[in-house]
Structure formats: C-alpha cells, structure tokens
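Data block below; observations after.
The values are calculated or read from the model by the stated rules, or taken from the named source; none is laboratory data. Keep in mind it's a predicted model, so treat the numbers as computed, not measured. Neighbour counts run over all protein chains shown; Cβ positions are idealised from the backbone, glycine included.
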Amino acid sequence: MRDHSRCLVWRVSEVAQRKTPLYDEHVRLGAKMVPFAGWLMPVQYTSIVAEHQAVRNDVGMFDISHMGQFIVDGTGAREWLNKMLTNDINKLDVGMGQYTLLLNENGGIIDDLIVYRIGDQNFLLVVNAARAEEDFAWLQKHLQAVAAAVSAANTVEIDNRSTEFGGVAIQGPRLVELFHALFGTHKEPPARNHIVDLPFDGMKVSVARTGYTGEDGIEVFFRATDAVKVWNAALENGKSLGIKPCGLGARDTLRLEMCYPLNGSDLSPERNPIEAGLGFFVDLTKPNFIGRDALLKAKEIGPREKLVSFRMKEKGPPPRPHYAVFQNGERIGEVTSGTLSPSLNWGVGMAYVSTTHAKVGAEIGIEIRGQKFPAIIEKKPLYKKSTS
Amino acid sequence: MNVPDDLLYTESHEWIKREGDNVRVGITDHAQSELTDVVYVELPKMDRQANAKEAIAIVESVKAASDIYAPVKGTIVEMNKALEADPGLINREPYGQGWIFVLKIDNADDLKQLKDAAAYKQQIG
C-alpha cells in the first residue's frame, strides 16, 4: 500500500514543524498529526466522516491556532487597509468583520482573510497559516511605501500577533446551546460576522460569529497560554451535546460541500477573484486598491476560466486535485479540490474550466487513472441544509 | 495496533493468509488507520496475473488514493465484491470481511520473502 495522492502529505517530514498550544491535547486525544502549512496539525481524531457528521448534526471543535493574526491600528489604518484589501472596509462598524482578499498588482490572490474592526482605529486580520508570513511581509513592504501618501499626520502600525494568539472554531447546529453553557445563559453570541470580547473563567476571549463549514458557528481567539483551558472547557461542556474534536480532514470536506475555496488549492497568485467567483468580495467602485486596474481590465476581456463546482454522476472513485476535466473529448480544465462528500455520499469537487464550458447543468468527464467518469456542473453550494 | 500472529505481511502493509495453494490478501489495521475512512476500492480483474510488488488494486480514503500490491507472483482467483457496496469494511474488519482479493500463488517458496508478525510490528513501531 503506498499513497500516490498529491493532495496531502501524511508522513511527518524532516522539516521542523511548529506546534500549536493545543498540540499535547491533540496527541492525548489520539489524533493523527500531519504537517500542514509548517504546523503539526490533527487531520483526524477518530474518523473524518464521523467528525464531519458531528459538525452537520451537533457540534464540533477545530484548533485554528495555526492561523495568523495581525493587528493594524492608527489614525490612517482604515484608509490604508482599504487600499490593501478588496472589500470596502468603510462598511464595517466597530465589532463587525468581512471576508476580503489581498491581491497582487496583477489581481492575483495572495490570500483570502477576514478583517474585523475591533476599535475605531483598530483592525484584526485573520489570515491563512500557509500565507501568514508572506502576507505580513507584503503588508509591511506596502506600509513603508504608502504610509507617506496616506498623510503625514496619519499613523498606521501593523503587528504580527500570530504566536501570541490561539484559536478554536466551534461549529454546528448546537452552537448556541454550547455558547450558553460556556458563557452563561444571560449572554447571546454576537450576530453573524460580528466580534465581541467576553470574559471567560477569568480570561478575556474574542468571539466572532463566523466559520468555514456552512453551519452556525463561532471562532474564539485567546492568549496562547489560555488555549488548553478554553479547549477543555468546550469539550467538557459540549459532551452532552455530542461535541467532537475535529481535524483538518473534516474541515476540508465541510468547506468543500459549501464550495468555500481553499487558498493554495482553489486560489493562488495566478488566479484572480473574477475567475474564482469571488467578485462579490471585491468593491470595484473603491477608487484605489492593489490589483484594481488589473481586475478592471480582466473584467473587460472576460475571464478565460472559471471555478465551478461539480458532482459525480455515478458511484466511483472520488475526484482529486489535478485530475483533468473533459467535455466532448476536449480537455477543458483541471480539478483543484475533490473528495467524497460525507453528507451527500457523492464524489464532489471544484475545477477551473474554460468559461465557455462553465455552465451549470453541463455534463463533464473527470479523468481518473485514464478513464473518464461522468460528472455534472452544479450550482454552489453543493450541500444545502434541509429545512425539514 | 492489531497484528495477528498467524498472518504474513509485506513492507507495503498488506497482510497475507495462506489457504492451501492460495493466499488471501488485505491491508493491515495500521494501514487502514493511516488511510482513514475508506470510500472506494478498485478491485483487481479476475484471472489477472501479477508479479510480486505489482500494483493491482486501489484503495481510496476521503483524503488519499493508495495502491495495493500483489505480495507474491500469482493469479487473481477471487475478489471481495462486498467492498464495492461497503468499502468501510476495510476500516471495520481489516483482517476479516475487509479482505481484498485471493491470489493463486505460482511458487509457495515466494512466501518466505514475506515478513512475520514480529518483523512487521517492528517496522510500524
């Protein structure tokens, strides 16, 4: 038996991997630890499918301490960030967050992230672990270049707090019950995309109503030294609700069912937000932000390829990254994410295909080990919660 | 991890059970645990002849696809059709209902190349 998949490296490599403040807890719970973006992370504790179902049906908790956190503040912070990021930061009142993109001059995606306005002049950026260092270097480089232009009287400071902070994502339909058990029944979780600071067992934690699973959920940030206390309190209080600690495996299947793109797989500096279907998070009416000119041009010409989601039409091998996509014998693109959807029990995935073929309902073929398997381009998201 | 004493093993994590002129083959408890939830199995073709260490089947989990190798030279005489409907058998009963194929061996002496339980245990640590 030998892995020949290119989607995930299972063996611990020689390269030193960083450990989150919850590493010992993962090991104690029997997690299978794998290197991911320079960190040793749990891929699963018991079963990817069982952890996936816990999030869809009850509640699950993920260690997201590997993600990067930057604080940007100063009188010029808002104006400057609006030049760095694609979404309109002026829409944010204090306590609100938004999904946004960091682009290069060509309009290519460096990272997708969430920016929270945590004070009048203070912002928290939560970025992908794999890109954190690159993002920070990029922002610092531009801060020096642009700071002068913002205005001499305005200050902007950026601070990489990634190692100081730990974080967990608590996701699932029983989130509110768990929130009450943890924070008290007199408190309510913040509204969708909002962030609040809450006292918790003598600590201060930041709670944001967001997630990467398609379920109701929160992401909780705290000092790295408080991580074990928060983690174990949530597991203890969530026991009667069926909480499961969940690994990166379930995180990937959950996000893929929702067609949330994964940076490094579905997004890259070679792809722009129009191709990736993320135009909603780009405000082209803003007068100036990095990548805007390139995007206006790209929009005028029209994207050559588009990111589509698809479902296999027959039971068979699950689609995987880099499999070729065909239509009528012609190669039209390549799979960027794929798996067997635990909720739908079908092979599902996302692929960049040429725009002329990117039609919902179109039949395509996914080439797996030399054989083409039929699939159909579907509307996003692939998984819709039943309201019954 | 469960490593039954009465089986033989390969370095590539297949287990081998001698049944007269045939061997029954599956993947070990350690292998299924590394793979995580198995969601698809591509079985070998009946009557296919295979050399030792030739890839003849594929086991796919949620996250990865893995080749399964013929442990010794021989011919496929039986395969576990039940895996097509229920690939999770490999996770639940790796040494029982989760077997993958039966190979008629060319030369019984070839089995001497395989590892015993003690050697395999040492390999997986």
*Of B:K63, B:K45, which residue is within 10 Å of chain A (Cβ to nearest Cβ) and assigned to a loop (DSSP other than H, G, I, E, B)?*
B:K63
*Considering only residues that are of a type in the set (D, E, K, R) and within 22 Å of the chain's Cα centre (by Cα), look in the stretch A:198-231 and name the one that is surrounded by the most Cβ atoms within 10 Å (Cβ to Cβ).*
A:E219
_Candidate set from the stretch A:240-293 (those that are farther than 21 Å from A:H142 by Cα and of a type in the set (F, W, Y)); member that is surrounded by the fewest Cβ atoms within 10 Å (Cβ to Cβ)_ = A:F280
*What do you reckon, is A:F326 more than 20 Å from A:N263 (Cβ to Cβ) and surrounded by 13 or more Cβ atoms within 10 Å (Cβ to Cβ)?*
yes
*Residues (more than 11 Å from A:N193 (Cβ to Cβ) and either surrounded by fewer than 19 Cβ atoms within 10 Å (Cβ to Cβ) or β-branched (V, I, T) (or both)) located in the stretch A:75-92*: A:T75, A:E79, A:K83, A:T86, A:D88, A:I89, A:N90
*Residue by residue through the stretch B:88-125, note down the ones that are outside any helix (DSSP H, G or I) and over 16 Å from B:D29 (Cα atoms).*
B:F101, B:V102, B:L103, B:K104, B:I105, B:D106, B:N107, B:L114
*Could you please let me know if B:D116 is under 15 Å from the mean Cα position of the chain (by Cα), surrounded by fewer than 23 Cβ atoms within 10 Å (Cβ to Cβ) and more than 12 Å from chain A (Cβ to nearest Cβ)?*
yes
*For B:V23, are the conditions met, namely being within 11 Å of the chain's Cα centre (by Cα), farther than 30 Å from A:D252 by Cβ, β-branched (V, I, T) and surrounded by fewer than 24 Cβ atoms within 10 Å (Cβ to Cβ)?*
no
_So A:S386, is it without any contact (Cβ under 8 Å) to a residue 24 or more places away in the chain and of a type in the set (S, T, Y)_ = yes
*Restricting attention to the stretch A:241-252, does a residue exist that is free of Cβ contacts under 8 Å to residues at least 60 places away in the same chain and not polar (S, T, N, Q)?*
no
*Do any strands (runs of 3 or more DSSP E) entirely within the stretch A:2-115 hold 3 or more residues that are under 21 Å from the mean Cα position of the chain (by Cα), at pLDDT 95 or above and closer than 26 Å to A:F222 by Cα, and if so, which?*
A:39-44, A:60-63, A:68-73, A:97-103
_Number of the exception - B:A31 against (1) at the interface with chain A (Cβ under 10 Å from one of its Cβ atoms); (2) surrounded by 20 or more Cβ atoms within 10 Å (Cβ to Cβ); (3) over 12 Å from B:I100 (Cβ atoms)_ = (3)
*Taking A:L125 as the residue in question, decide whether it is within 19 Å of A:T100 (Cβ to Cβ), in contact (Cβ under 8 Å) with a residue 12 or more places away in the chain and buried (at least 20 other Cβ atoms within 10 Å of the Cβ).*
yes
*Specify the residue that is farthest from A:T253 (Cα to Cα); the eligible residues are those in the stretch A:317-342 that are in contact with a Ser or Thr (Cβ under 8 Å, 6 or more places away or on another chain), among the hydroxyl-bearing types (S, T, Y) and within 14 Å of another protein chain (Cβ to nearest Cβ).*
A:S337
*asked:* If the requirement is being within 14 Å of chain A (Cβ to nearest Cβ), in a strand (DSSP E or B) and without any contact (Cβ under 8 Å) to a residue 60 or more places away in the chain, which of these qualifies: B:I58, B:I76?
replied: B:I58
_Among the residues that make up the stretch A:195-203, is at least one of them modelled with pLDDT of 95 or more and under 30 Å from A:L382 (Cβ atoms)?_
yes
*Among the strands (runs of 3 or more DSSP E) contained in the stretch A:193-273, which hold 3 or more residues that are touching an Asp or Glu at 6+ places or on another chain (Cβ under 8 Å)?*
A:203-208, A:244-246
*Give me a count of the residues in the stretch A:158-186 that are of a type outside the set (G, A, S), part of a loop (DSSP other than H, G, I, E, B) and touching a strand residue (DSSP E or B) at 6+ places or on another chain (Cβ under 7 Å).*
2
_For the stretch B:84-100, check the following and say yes or no: at least one residue is over 23 Å from B:N2 (Cα atoms) and within 14 Å of chain A (Cβ to nearest Cβ)._
yes
